[in-house]
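Below you'll find the structure, written out as structure tokens, and then a few comments.
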Amino acid sequence: MDKNQLKVTPGDNPSGFDGLPEIQIFDPPMCCSTGLCGPTIDQTLLDVGEMIAKLQSEGYKVERYQMSTHPNAFLVNPDVMKLIRENQMAALPITVIRGQILKKGSYPKFDEIHKIFDGEK
Amino acid sequence: MLTQYIFFSGKGGVGKTSMACTYVVRLAEEGKKTLIVTTDPASNLADMFEQTIGHQITPIQGVSNLWAMEIDPDKATQEYIDRAMAPIRTAFPPQIVQVMEEQMSGPCTAEVAAFDRFTDFLEVPAENETSFDVVIFDTAPTGHTIRLLELPSEWSHAIDAASQGNGQTCLGPAAAIQDAKHKYERALGAMRDSKQTTFNFVMNPEEISIKETRRAISELSKLGIQNFELIINGIIPPEGMQNVLFAARSTMQNRYLDQIEAELPYPKKRMVLLADEIKGVQRLRQVAKIFFDGDDSESNYMTGKDISHESIIATPLREVRARIQPNGNRRTLFFAGKGGVGKTVASCITAVWLARQGFKTLLLTTDPAAHLGDVLDNPVGDEIAPVSGQPNLWAVKIDPKAAAETYKTRILEDARKRGRPEKAIAAMEEELNSPCTEEMAAFDKFIEYASQKEWQSVVFDTAPTGHTLRLLELPVDWSKQIDVKIFASVDSSAADDVAKERFEKVIEMMRDPEQSTFAFVMYPEATPILEAWRAASELGTVGIHPRMVVANMVIPPQLANTSYTLSRHAMQVKYLREINERFGLPVVQIPLLPNEVKGLAMLAKLGDQIYEGDII
């Protein structure tokens, strides 16, 4: 059994999809997702971090996965794995909202995510 | 009390490996199953035992109950990557696997991996593994060791934070193996337990060594480590005192021995400076008799009658000067070599000499445990400042902790300018406290100074061998890493290009003999020569070749006039010849002095003597 397995905690998040968080972000392989590591600062990744913090402050449950630390989060999602097999690196990052793929190949903006939840209200 | 784990610590060149080997030979003779492990990337265990060891537990020939292992940082890194990549290799397409592997070969992984491998020996062995009564760690030199030991507590903290948040904490390669956290905690627990672990500090009766030991003990105490013992090595024996030079050094030593007694309240053992080198199992057994039993009946000196002084080829100093002075362009000098061989002294002599020649000179160190200020007898801080009393000379110390603070401030200011919310900035600040920031920041400083145009000469007193190599190889690694970095925004891809160009310029500068001179500093003894040779070969793989050798602590032939000094002199002559044959480079000799090198006047005098001895 892989020790790095994603810990799914149903009950935490009654509004979630099948016990999974409402918003899942599958990162491409990188040294670290903060954008602060490495020879230059990656402003895109800083923007993503900021967006996630904002969504979380509004009560949304967001999780972010890296292949090196959470390989199983990728493996248990057939849609995500299909995209990765077909498009390889170009598929990533992938953003999934309640089990549905919202965007692939780049990170969504805050408004793109927010719109989906607003539409439901 | 004998503990199961014994760490040997101390500044490189104080005889740490010799003493560790003396211990293990004695312990094995007493019937204890003993293992000696080194984490030093420039290890010389194999030289001490005169056999191949390598990256696995290897029995030592001629000593029953004794095994040794040299942790190879490259192999440890590969093993670590393989372990972390195993679940990924089978599940993901090859392109992705390849990108991940390239990213894992960044600079932090090697450090994580070496430490990871090393903590394995602090674990209770599995049933199918050999268990040892005593495990001795011949650790890497002080400054670096301490940083390595500081890491697990920081990682533990960071791994905790990562699992609670979005997995955003920047641990890079450490995060790949999350169960390592408990291993690191257990490792630190074992190190803190006086019943399990002893820290043996090997030191010389010299000012710098005392300072170094005190600093190291204080830093380890802060980490909750408490069981310390001292080995004072290199004490000149009565037979050495018939010689005027050694008698003067002995007077100096006595002063420092008193200071050690007064200031370092730990159990102490003393070891004499032997007239010949320590090498081979048979010799180690004799040394153990001298050290543990006070029995030196088996010591016998070479007579030294057959030494021909003429056989030491003296390099024309004109040739040496041509490699040191700037030739129209700026020249950068790097003094590399094992810790403790005199890199700082060589750098200071050279920088003072260049400044006195009228060249605008910057002297700087990248060694976290630097003692530049002690040798210059002038304070050296983390900002470039003129050295008072010496026109044309400026000095600076790259302190990784201070550099990290500056780096952090710069990045956070930039984030504020970009209008990021305070909450995000607070998160970034937290993030920048990660263990990698110091290394990154120190490197950033190194690049900054290496790119400055206002100097005619830049003299680098570099960190000990293994660390230096990593630092110098970083530009290569990082520019490679930028190549594989994916989907950077337009903004950061422009920044990447700037950074890459900057790194490439520095690499180019280091490779160009018109702009840079790498000098290897060593004593004329077997292990420092071998280590410098290995380090030089490793630098060769990144296209950087040494152009000069500095032989330090050479006994002046006219002062080798007793059997003890003749024996040491004979040993040095043999190795000076070896330096000539092996390196085929100009050799500068710094004589063994009655006192420590300290102060501008003494540095100026030495510079005249070693660089202009033919003119004066």
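Scan segment B:76-85 for residues that are among the charged types (D, E, K, R) and modelled with pLDDT of 80 or more and the total you get is 2.
Can you pull out every residue in segment B:218-244 that is buried (at least 19 other Cβ atoms within 10 Å of the Cβ) and in a helix (DSSP H, G or I)?
Answer for segment B:218-244, where residues must be buried (at least 19 other Cβ atoms within 10 Å of the Cβ) and in a helix (DSSP H, G or I): B:Leu220, B:Gly240.
Reported count of residues in segment A:85-105, each being at positive phi and facing chain B (nearest Cβ under 10 Å), is 2. In the set (1) closer than 17 Å to B:Met522 by Cα; (2) modelled with pLDDT under 90, the condition left unmet by B:Ser563 is number (1).
Can you spot a residue in segment B:57-64 that is surrounded by 21 or more Cβ atoms within 10 Å (Cβ to Cβ) and either under 27 Å from the mean Cα position of the chain (by Cα) or modelled with pLDDT under 85 (or both)? Yes; the residues of segment B:57-64 include at least one that is surrounded by 21 or more Cβ atoms within 10 Å (Cβ to Cβ) and either under 27 Å from the mean Cα position of the chain (by Cα) or modelled with pLDDT under 85 (or both). The numbered conditions (1) surrounded by 20 or more Cβ atoms within 10 Å (Cβ to Cβ); (2) farther than 21 Å from B:Glu319 by Cβ are all true for B:Ser516 except (2).
Of the residues making up segment A:73-99, those that are more than 17 Å from A:Pro21 (Cα to Cα), touching a residue at least 12 places away in the same chain (Cβ under 8 Å) and among the hydrophobic types (A, V, I, L, M, F, W, C) are A:Leu83, A:Met89, A:Ala90, A:Ala91, A:Leu92. Residues that are touching a residue at least 40 places away in the same chain (Cβ under 8 Å) and assigned to a helix (DSSP H, G or I) were ranked within segment B:256-281; the one that is farthest from B:Glu212 (Cα to Cα) is B:Val281. Among the residues of segment B:391-424, those that are of a type in the set (Gly, Ala, Ser) and within 27 Å of B:Trp455 (Cβ to Cβ) comprise B:Ala395, B:Ala402, B:Ala403, B:Ala404.
If A:Ile52 passes every condition in (1) buried (at least 22 other Cβ atoms within 10 Å of the Cβ); (2) without any contact (Cβ under 8 Å) to a residue 12 or more places away in the chain but one, which one does it miss? Status for A:Ile52: all satisfied but (2).
Consider A:Lys82 carefully, then state whether it is touching a Phe, Trp or Tyr at 6+ places or on another chain (Cβ under 9 Å), assigned to a helix (DSSP H, G or I), of a type in the set (Lys, Arg) and more than 7 Å from chain B (Cβ to nearest Cβ). Against the criterion (touching a Phe, Trp or Tyr at 6+ places or on another chain (Cβ under 9 Å), assigned to a helix (DSSP H, G or I), of a type in the set (Lys, Arg) and more than 7 Å from chain B (Cβ to nearest Cβ)), A:Lys82 does not qualify. Candidates in segment B:44-58 are the residues that are polar (S, T, N, Q) and assigned to a loop (DSSP other than H, G, I, E, B); of these, the one that is nearest to B:Ala76 (Cα to Cα) is B:Gln56. Number of residues in segment B:350-382 that are of a type outside the set (Asp, Glu), within 12 Å of B:Leu600 (Cα to Cα) and in a loop (DSSP other than H, G, I, E, B): the value is 1.
There is at least one residue in segment B:412-422 that is surrounded by fewer than 21 Cβ atoms within 10 Å (Cβ to Cβ), under 25 Å from B:Lys505 (Cβ atoms) and either out of contact with any strand residue (DSSP E or B) (no Cβ under 8 Å at 6 or more places or on another chain) or polar (S, T, N, Q) (or both). When you scan segment B:393-407, how many residues do you find that are buried (at least 18 other Cβ atoms within 10 Å of the Cβ), in a helix (DSSP H, G or I) and modelled with pLDDT of 85 or more? Total meeting the criteria: 0.
The values are calculated or read from the model by the stated rules, or taken from the named source; none is laboratory data. The shown structure was predicted, so the numbers you read here are calculated from the model rather than taken from an experiment. A quick note on method: Cβ atoms are made from the backbone with ideal geometry, for glycine too, and the neighbour counts reach across all protein chains shown.
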